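Worksheet: the structure to be examined is printed underneath.
The values are calculated or read from the model by the stated rules, or taken from the named source; none is laboratory data. Computed from a predicted model, the values in this text were never measured in an experiment. Here the Cβ positions follow ideal geometry from the backbone for every residue, glycine too, while neighbour counts run over all protein chains shown.
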Amino acid sequence: MRKVMTTLLSVALLLACSRERKAYAPGSEPKTDSVAPESNPAVFQARFERGIDFAATGNEPFWSLDIDLDGSMHFKLMDGLEITAPTPEGVKAMDADVTRYAAKSDQGSMVAQLIRQECTDGMSGAKSEFTVSVEILAEANASPSTYEGCGRYLADNRLNDSWTLESINNNPLDSADFMKGLPQLEFNLADKRVTGHTGCNTITGAIEVQGHRIVFKPMIATKMACPGMEFEHDYLRNFRGNVGYRVEAGKLHLQVSPDSAYTYQTTR
């Protein structure tokens, strides 16, 4: 009898544990912003299209943080606590790759730290480039609470393509004016690289897509001489720092400066 009771107790415990794990198994949780996102490009694309540039989540308790770099920050706990505040200018640490955002509204205050350090989600196993810490102080609370999780910059997946420059400030270009034809760019989001040519020289460089912005690192170009080198000089000069981008109807629009816009057509 004792052996039977022991066996039944063991089975009951196993079933209880199984039910608990099932409630939090990756992919079975409710599809809300308060739970860890799937490792599914469509999920991040949808958040990007809502204007989100950086997304972070954490577990136990489930929480999420969405940052629109030109708009607001939105923190949400699964239990219902939410704080939305205007996004401040990020402050970068002097001795580490860390960006700090301190925001406040009548709902409370938050301090988010984006640390460029690989992070693995404890439930889904998904890897992200950033470890994120968020300190929350709600008006009703006497002391702040800190939440830790993983985050990443979002990007428009359609950028991952090959593009041919067709106009500058809506002025069409003529391929006959370029030795290699119209300038081209090809983005590889996984490798954080851009390659292409200027219509003369081959170019390559490192990039980081931060939501609706592309951060271009200095380009490397071959040194071939071609007619109209002034164009190449002006063209490459605009690929510096943060460049706003938009993809729609098979076209890529780069706002390379306040008064200069490049429009490309997909080549695939």
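Evaluate the following for Ile168: is it surrounded by 16 or more Cβ atoms within 10 Å (Cβ to Cβ), touching a residue at least 60 places away in the same chain (Cβ under 8 Å) and touching a strand residue (DSSP E or B) at 6+ places or on another chain (Cβ under 9 Å)? It is true that Ile168 is surrounded by 16 or more Cβ atoms within 10 Å (Cβ to Cβ), touching a residue at least 60 places away in the same chain (Cβ under 8 Å) and touching a strand residue (DSSP E or B) at 6+ places or on another chain (Cβ under 9 Å).
The requirement of being over 16 Å from the mean Cα position of the chain (by Cα), basic (Lys, Arg), under 30 Å from Thr195 (Cα atoms) and not assigned by TED's automatic domain parsing to the domain that holds Tyr262 is fulfilled somewhere in segment 77-93, by at least one residue.
Within segment 103-127, the set of residues being at pLDDT below 95 and in contact with a Cys (Cβ under 6 Å, 6 or more places away or on another chain) comprises just one member, Asp121.
Against the condition at negative phi, in contact with a strand residue (DSSP E or B) (Cβ under 6 Å, 6 or more places away or on another chain) and not in a strand (DSSP E or B), how does Phe231 come out, does it pass?
no
Counting residues in segment 34-42 that are crowded, with 19+ Cβ neighbours inside 10 Å and at pLDDT 50 or above gives zero. In segment 210-253, of all residues being under 20 Å from Glu166 (Cα atoms) and among the aromatic types (Phe, Trp, Tyr), the one that is surrounded by the fewest Cβ atoms within 10 Å (Cβ to Cβ) corresponds to Phe231. Looking at Asp177 and the list (1) surrounded by 14 or more Cβ atoms within 10 Å (Cβ to Cβ); (2) in contact with a helix residue (DSSP H, G or I) (Cβ under 9 Å, 6 or more places away or on another chain); (3) closer than 22 Å to Gln265 by Cα, which single condition is not satisfied? Looking at each condition in turn, Asp177 falls short on (1).
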